[in-house]
Amino acid sequence: MIKYIVLMLFPIFVFASEAAGESGGTDIIPRAINFIIFAGILYYLIAEPAKAYFSGRKSAIADKLDSIQQKLKASAKEKEDAKELVEKAKLSAQEILNLSENEIRILEDKVANDLKLELENLEKGFEDQTIIERRKMIRDVVSEVLDTMFAKDSLSVEKDELINIVMKKVA
């Protein structure tokens, strides 16, 4: 440290004489030499830390730029992967839609067939019930006619008359 102080003060002692000013000359040369020595000392003291700072800064910026480029590449890859997933999802959705449409058609056909069979069964049941009710009504009418005939004190009824009575009751 003392060495640096002596080097900084050396030009002061060397060029501190006023001999140059008294002789009528200029002092530009001693001042230029003094400035060069000062600049050299300043360069010697500041050059290495400045170089280290700027090279460190340069490498830090380069590292950051590399990091950003890697992130950019990774995000571009993720974007492509996402696009592929979207395309796969669209295809899956279309397949599901087609399958659901086919299932709907199958279910519609099944429900239509079931309804048709149910309606046929109901119509057949209605016809059977109607036949049973008609027979029941005929039995009731015949029974009523016979009861009426036998309730009267053994009246004789001819065959034609019996048919007319039954026909009136049935109609």
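Some points to look at:
- Extension gain (nm, one decimal) between residue 42 and residue 132, 0.36 nm per residue minus Cα-Cα: 19.5 nm
- Charged neighbours of residue 51, selected by a Cβ distance under 15 Å, balance to +1 (K, R count +1; D, E count -1).
- Residues listed by number, segment 33-55, amide nitrogen under 18 Å from residue 8 label point at 7 Å toward C-beta: 34-50
- Phi angles across segment 112-125 convert, under the Karplus curve 6.51 cos²θ - 1.76 cosθ + 1.60 with θ = phi - 60°, into 3J(HN,Hα) values of 4, 5, 4, 5, 4, 4, 5, 5, 4, 5, 5, 5, 5, x Hz, Gly and Pro given as x.
- Check: segment 61-171 dipole with +1 on Lys, Arg Cβ and -1 on Asp, Glu Cβ, in debye: 400 debye
- Length released on extending from residue 63 to residue 27, taking residue separation times 0.36 nm less the Cα-Cα span: 7.8 nm
- ³J(HN,Hα) computed for each position of segment 97-103 - Karplus, 6.51 cos²θ - 1.76 cosθ + 1.60, integer Hz, glycine/proline x: 4, 4, 4, 5, 5, 5, 5
- Coupling constants for segment 75-80 follow from the phi torsions by the Karplus curve (6.51 cos²θ - 1.76 cosθ + 1.60, θ = phi - 60°), and in residue order they are 5, 5, 5, 4, 5, 5 Hz; glycine and proline get x.
- Annotation: extensible slack from residue 78 through residue 51 equals 5.7 nm (criterion: 0.36 nm per residue apart, minus Cα-Cα distance).
- Which of 37, 70, 111, positive extreme of dipole for segment 34-171 (C-beta unit charges): 37
Just so you know, all these numbers are worked out from the coordinates, no wet-lab data involved. Quick caveat: nothing in here was measured; it's all calculated off a predicted structure. Don't worry about glycine lacking a Cβ; one is built from the backbone with ideal geometry, like all the others, and counts go over all protein chains shown.
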